[in-house]
Amino acid sequence: MNVFTASEIVEFAERIHENGANFYRYTVQLMQNQDAKDLFAELAEEEMKYHEKLEKIFAGMEPFIPAETYAGEYDQYLRNYIDNNVVFTRHASDADMAAVKNACSAIDFAARRELDSICFYESVKRIVPKAQHEVIDRLIAEERDHFVQLMKLRQCVL
């Protein structure tokens, strides 16, 4: 049984990356060191570039149009679900954010979220039609690239 279509997963991914960019912008404000500020500003820009790539992927797909009881109901549901329950949530817990005190802890926080994204997409892939697995595989590859990039940055910061 397929619960989600690839186009819905791309919508999820767009929101995850939007939230990721917001996290990196927030992290810029926490950093004292200008190099660290520059690093996280660059990561925020990367997230938005990836968001634009996702919009292009989504534009080439047949969108899922659910039945709604009012206009915008499904979009509101997806946004709330992603913002509060999935990786790079819009409202990270106070304990999570309290742990982000420097470049290393921020990179660790972000790297965990990238790994969570990979797990999320791997899980979701099982409930997407096989004909659409290529799209999900591209999302997973991008998340892996982000993780590798973060680990390289962490080596530089240490």
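Quick look at the numbers
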read-out: Residue in the stretch 54-62 that is in contact with a Phe, Trp or Tyr (Cβ under 9 Å, 6 or more places away or on another chain) and either modelled with pLDDT of 75 or more or outside any helix (DSSP H, G or I) (or both) present; value: no
read-out: Residues that are closer than 10 Å to F147 by Cα and free of Cβ contacts under 8 Å to residues at least 24 places away in the same chain, drawn from the stretch 105-119; value: R112
read-out: Residues of the stretch 25-50 that turn out to be more than 17 Å from R144 (Cα to Cα) and in contact with a Phe, Trp or Tyr (Cβ under 8 Å, 6 or more places away or on another chain), as a count; value: 6
read-out: When residues of the stretch 134-148 are limited to those that are out of contact with any helix residue (DSSP H, G or I) (no Cβ under 6 Å at 6 or more places or on another chain) and without any contact (Cβ under 8 Å) to a residue 60 or more places away in the chain, the one surrounded by the fewest Cβ atoms within 10 Å (Cβ to Cβ); value: E134
read-out: Residue match in the stretch 90-98 (condition: over 15 Å from I140 (Cα atoms), modelled with pLDDT of 80 or more and touching a helix residue (DSSP H, G or I) at 6+ places or on another chain (Cβ under 6 Å)); value: no
read-out: Conditions (1) among the polar types (S, T, N, Q); (2) surrounded by 15 or more Cβ atoms within 10 Å (Cβ to Cβ); (3) modelled with pLDDT of 80 or more; (4) out of contact with any His (no Cβ under 9 Å at 6 or more places or on another chain): number failed by S105; value: (2)
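The values are calculated or read from the model by the stated rules, or taken from the named source; none is laboratory data. Treat the numbers as computed from the prediction; the structure is a model and nothing was measured. Quick reminder, even Gly has a Cβ in these numbers, built from the backbone with ideal geometry, and neighbours come from all protein chains shown.
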